[in-house]
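Trainee: Okay, handing you the structure first.
The values are calculated or read from the model by the stated rules, or taken from the named source; none is laboratory data. Keep in mind that what you see is a predicted model, and the values were worked out from it rather than measured. Quick reminder, even Gly has a Cβ in these numbers, built from the backbone with ideal geometry, and neighbours come from all protein chains shown.
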Amino acid sequence: MKNLSLDKMSMTGVGMKRLREAIELISGATECIPVSTNSAIEHPHDGIYFIENYDKENGVLTVIAGAAKQRMNIGTSKNSLIFGEKADEIIKEALSTSRMLLCFYGRTYFVSSSAFLTLAQRLDIGADALRLTVPERDFFIAQIMMRNASIWKLCVRSLAKDEKKMYKIFAVHTDKYEYISQELLLEICENLCSPDCEKLFNAPGKVKRYEITHDFTSIMVEYPDAAKEVAETYGLKDMIPCIRISTSDTGKASFVFEALWKHGKSYSVCDSFSCPHRGENANRETLLPKISQKLFPNYSKLPEKLLELMNYEIVPACKFDTGRESMIAFLKKMHKEIKFTKTLTKRTEIRIRELIADSFDYDTAISAFDIAMCYLGLPERIGGLSKSDITMLERLCGNVPFAKSMVSGNKEKEEKDIYLTA
């Protein structure tokens, strides 16, 4: 069984069946537990502990109590009341990351370093202070917890099937936080892939890929059978409509729904909207109509715009050096318009400009359509960018066809209709 308590846990796959299994697994292991920061008044051993050392051979974990500043040993053997059989790898990870334990009402929790941001917010201190893995950090936190008593909601994962659950905190929220299970995403995906949704694209949706980590869950639903209709209607080949759904049940993000077009192996975002992770957004009856109203009507905008761009010439036929110079000047203007450098770095912007300009053969005229299609295929072709940068590039590339500069070129003259007079 996958250890869902490790910081670098990741589940990826293809298909509704595997997605269902993965979400049921992660949902079954996730809880949102309310605690009081001054529970040590009733439970003397509650509070924060600094993990100092781990003696695996003797099954002993040495910790320092933050409040009492005293060193103590905790047994980690198979007879331990606190730790299960997966304790070894979790303790090793903790020694190289957070070195922190929290105890509330007699229950012990490991603390993931990914929880530092929300924990720092609850403590009203800088997150960098939590990254100082020294005992003095926990002495300081212990004082804050006792001085400023409040209710927290801990978003935790556990090995749900173990008899002795081992808990790990991945986010620390206020008492107003509303936990929404990722099973809601599963319900939405099942609807988007059901026959009820076929009327939207005249084709069933398929879960092309998903990725689940502690911070985010991202699911890509594609409608590959709709490509034929797109080709027949607009004359555009290899264009597939898609929907990407993203969220975080550790409270790192809202629900995000994106309408995308897939060209080749690249995705470009053509529209999106987000919903807060609370209140009326906690059910499919609210979210599904929003998807239908805000995303589906906008899918036709891209193919219609691409047809329009075929009529605009950006760089006339010329020698390579002349064409490249003209192309770079045009791309610089267009990138500024879509605010490229507000999303990615200036160095990345310049390099992409150069790569795009180098990819064209200027023996024939280059149209706005040619440039748009080049960008729509860019995210999959480009190397050297991080996963988060690629996601941002997908959004930028989806904006390229709609830039005003794309229709600033010379429009081809429409041939007048020929007719006979009486």
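Trainee: Would you confirm, using the coordinates I've provided, whether residue 150 is within 26 Å of residue 108 (Cβ to Cβ), of a type in the set (Gly, Ala, Ser) and at pLDDT 90 or above?
Mentor: Yes: the conditions hold for residue 150.
Trainee: Take residue 336 and tell me if it is part of a helix (DSSP H, G or I) and free of Cβ contacts under 8 Å to residues at least 40 places away in the same chain.
Mentor: In short, yes.
Trainee: Also, I was wondering about something else. Among (1) closer than 20 Å to residue 295 by Cβ; (2) free of Cβ contacts under 8 Å to residues at least 12 places away in the same chain; (3) in contact with a strand residue (DSSP E or B) (Cβ under 9 Å, 6 or more places away or on another chain), there is one condition residue 231 misses while meeting the rest; what is its number?
Mentor: Failing condition for residue 231: (1).
Trainee: Quick check, is residue 102 in contact with a Phe, Trp or Tyr (Cβ under 7 Å, 6 or more places away or on another chain), at pLDDT 90 or above and under 18 Å from residue 5 (Cβ atoms)?
Mentor: The answer is yes for residue 102.
Trainee: Do any residues in the stretch 369-394 that are assigned by TED's automatic domain parsing to the domain that holds residue 357 and under 25 Å from residue 309 (Cα atoms) have Cβ atoms under 6 Å from those of residues that are surrounded by fewer than 16 Cβ atoms within 10 Å (Cβ to Cβ) and among the basic types (Lys, Arg), where the two are at least six apart or on different chains, and which pairs are they?
Mentor: 380/265
Trainee: Further, regarding this structure: Going through the stretch 5-19 one residue at a time, which ones are farther than 19 Å from residue 223 by Cα and over 18 Å from the mean Cα position of the chain (by Cα)?
Mentor: 5, 6
Trainee: Conditions first: (1) modelled with pLDDT of 90 or more; (2) touching a helix residue (DSSP H, G or I) at 6+ places or on another chain (Cβ under 7 Å). Residue 166 passes all but one, so which condition is the exception?
Mentor: Just one mismatch for residue 166, condition (1).
Trainee: Is it the case, given these coordinates, that residue 109 is assigned to a strand (DSSP E or B), among the aromatic types (Phe, Trp, Tyr) and within 16 Å of residue 170 (Cβ to Cβ)?
Mentor: Criteria met by residue 109.
Trainee: Kindly list the number of the only condition in (1) crowded, with 17+ Cβ neighbours inside 10 Å; (2) within 20 Å of residue 39 (Cβ to Cβ); (3) of a type in the set (Lys, Arg) that fails for residue 176.
Mentor: The one condition residue 176 does not meet is (1).
Trainee: Pick from the stretch 57-70 the residues that are within 18 Å of residue 98 (Cα to Cα) and out of contact with any helix residue (DSSP H, G or I) (no Cβ under 7 Å at 6 or more places or on another chain): which of them is surrounded by the most Cβ atoms within 10 Å (Cβ to Cβ)?
Mentor: 63
Trainee: Which of the residues that make up the stretch 339-353 are hydroxyl-bearing (Ser, Thr, Tyr) and either more than 21 Å from the chain's Cα centre (by Cα) or assigned to a helix (DSSP H, G or I) (or both)?
Mentor: Hits for the stretch 339-353 are 341, 348.
Trainee: While we're on this one: Exactly one of these conditions fails for residue 376: (1) over 22 Å from the mean Cα position of the chain (by Cα); (2) surrounded by 15 or more Cβ atoms within 10 Å (Cβ to Cβ). Give me its number.
Mentor: Answer for residue 376: the failing condition is (1).
Trainee: Still on this model: Could you tell me whether any residue of the stretch 283-304 is crowded, with 17+ Cβ neighbours inside 10 Å and under 17 Å from residue 184 (Cα atoms)?
Mentor: Scanning the stretch 283-304 turns up at least one residue that is crowded, with 17+ Cβ neighbours inside 10 Å and under 17 Å from residue 184 (Cα atoms).
Trainee: OK, next. When you scan the stretch 31-48, how many residues do you find that are in contact with a Ser or Thr (Cβ under 8 Å, 6 or more places away or on another chain), crowded, with 21+ Cβ neighbours inside 10 Å and of a type outside the set (Asp, Glu)?
Mentor: The number of residues fulfilling the criteria is 1.
Trainee: Now for a different question. Please specify each residue of the stretch 11-30 satisfying the condition of being loosely packed, with under 15 Cβ neighbours inside 10 Å and of a type in the set (Ser, Thr, Tyr).
Mentor: 12
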